[in-house]
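What follows is calculated from the coordinates using simple rules that are stated; it is not laboratory data. On a predicted model such as this, the values are computed, not experimentally measured, just so you know. A quick note on method: Cβ atoms are made from the backbone with ideal geometry, for glycine too, and the neighbour counts reach across all protein chains shown.
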Ligand code: ALA
């Protein structure tokens with residue numbers, strides 16, 4: 001059946017060395033790892049944490065971080081095996097094409113748009129919140145009016161409706177053009193940003209710790225109930241479901257570590273370096289995240305984070321101002337600047353990830369050739385980048401941050417589940433494939449990975465399952481309407497071409 005055509009691994013490896021020749025690879029292993037870390041700490045921590053506390057779990061958002069970290073660690077072990085046995089940077093899409101066939105590869109490639117493109121839009125929207133803060137606090141001007149910095153689906157508490165989120169559109173456009181120019185110039189800047197981001201997180205933890213009000217942490221796990229926000233959206237709040245919902249929301253903060261796993265293939269001793277790299281960076285982030293969330297929820301009461309005019313937007317800066325003395329205004333100012341720079345590096349990595357997936361899918365014939373055409377001078381897939389810009393721009397300008405954030409989480413969780421399953425399948429179908437790193441206790445670890453990701457998807461609630469289903473349905477229409485006919489592998493199996 002052509003739906004289950006698989007790319008053979010030798011063909012994949014040969015193509016990898018081909019694309020080495022055509023794509024200009026300017027990033028060293030070190031800067032790729034920095035690029036990965038640059039992708040991890042971002043809007044998930046500085047925006048989604050407060051949202052998860054307000055909507056789902058109160059102070060027990062810290063437990064949500066633990067659940068999300070466990071899911072990521074399990075999936076990370078599976079990513080490490082696949083990236084060491086199929087060392088190609090097309091990410092989960094490529095792994096699935098080799099293990100589970102074309103249709104599933106299409107599903108995952110389509111689904112990765114949620115991780116990368118919709119994820120980039122989410123961070124763009126978060127950037128917009130902090131830009132307003134920057135304008136008011138640092139430049140000393142008025143903020144961009146509500147209608148020009150919010151989507152049409154948002155209304156301020158005093159009744160002003162959003163029209164378009166211009167700052168979010170601006171930042172994704174700027175970074176898309178930077179990407180078209182090539183990424184080398186940005187590697188040094190990126191390294192500086194990574195250091196800045198980690199320094200800010202550590203400073204907030206250390207300086208904020210002394211100002212935690214224990215009252216805001218009582219009860220630590222709120223009683224199970226529901227919470228309806230001012231837009232009329234209802235969430236499971238408190239108890240076990242609250243923690244699961246928070247885990248699904250803050251899972252966003254871990255997205256990006258899979259970028260580290262594809263970079264790990266360039267390390268000297270992948271057998272030990274890969275698990276240390278993936279699990280080590282996850283462990284460091286998890287500890288920072290838990291401590292940070294503990295401080296954040298201790299600086300202001302829950303109602304503060306629920307109020308869009310107080311801590312509902314740019315919540316970290318708002319909480320510092322609420323819970324710490326005015327002498328710390330330098331901290332809130334530095335946080336604003338670090339966050340604006342930090343979010344930019346996250347968006348850049350996500351846009352880069354998206355263009356790589358589209359590039360691979362286009363090379364395979366599943367998407368039109370335009371996605372893999374290289375710029376004559378910069379050697380970047382510039383037309384693909386422009387199409388991605390339109391897609392990301394639409395989400396960034398017209399959809400609220402909560403919705404795109406949840407779509408990113410659910411789509412990525414689904415992709416991670418398929419990666420876990422791929423490890424089990426590949427052990428059966430290709431038992432002799434050399435694996436530099438082997439996931440321990442297969443199938444136990446991958447099955448637990450699927451269960452952990454499934455639990456977080458469950459916690460995100462039925463509206464988000466429907467959004468995922470709708471997104472996949474559009475994907476099926478494109479697959480059966482275009483991709484199946486144009487697939488190189490399909491054409492080869494029908495004898496229309498001789499070489500894929
Ligand atoms: N992990 C990235 C963030 O938190 C996507 O922004």
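Data overview
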read-out	value
Simple spin-label estimate for residue 141 and residue 158 in nanometres, 7 Å along Cα-Cβ	2.1 nm
Relative contact order of the chain, pairs being alpha-carbon contacts under 8 Å that are 6 or more residues apart, as %	31 percent
Euclidean distance of C-alpha centroids, region 395-470 and region 224-244, integer Å	24 Å
Folded to 0 to 90 degrees: helix 329-363 orientation relative to the chain principal axis, Cα	20 degrees
Listed peptides 60-70, 381-391 by packing density, highest first (mean Cβ within 10 Å)	60-70, 381-391
Alpha-carbon Debye profile of region 300-390, log10 I(q)/I(0) at 0.19, 0.26 Å⁻¹	-0.83, -1.21
Globularity index of region 75-173, i.e. its alpha-carbon radius of gyration over 2.2 N^0.38 Å	1.57
Full-stretch length increase - residue 330, residue 378 - with 0.36 nm per residue and alpha-carbon distance subtracted	13.2 nm
For region 149-217: rounded, prolate or oblate by the Cα gyration tensor [a/c cutoff 1.5]	oblate
Cβ-based exposure ranking for 235, 97, in which fewest neighbours within 10 Å come first	235, 97
Sorted peptide list for 357-368, 482-493, criterion being average Cβ within 10 angstrom, highest first	357-368, 482-493
More than 44 Å apart - percent of Cα-Cα pairs taken over the chain	11 percent
Fewest-first ranking of 373, 313, 81, using other Cβ atoms within 10 Å as the exposure measure	373, 313, 81
Distance between modelled label sites at residue 444 and residue 337, nm, 7 Å Cα→Cβ extension	5.1 nm
Global form of region 90-240, assessed from the alpha-carbon gyration tensor, a/c cut-off 1.5	rounded
Neighbour-count order for 425, 250, fewest beta carbons within 10 angstrom listed first	425, 250
Over region 77-132: Kirkwood hydrodynamic radius from C-alpha pairwise inverse distances, Å	12.8 Å
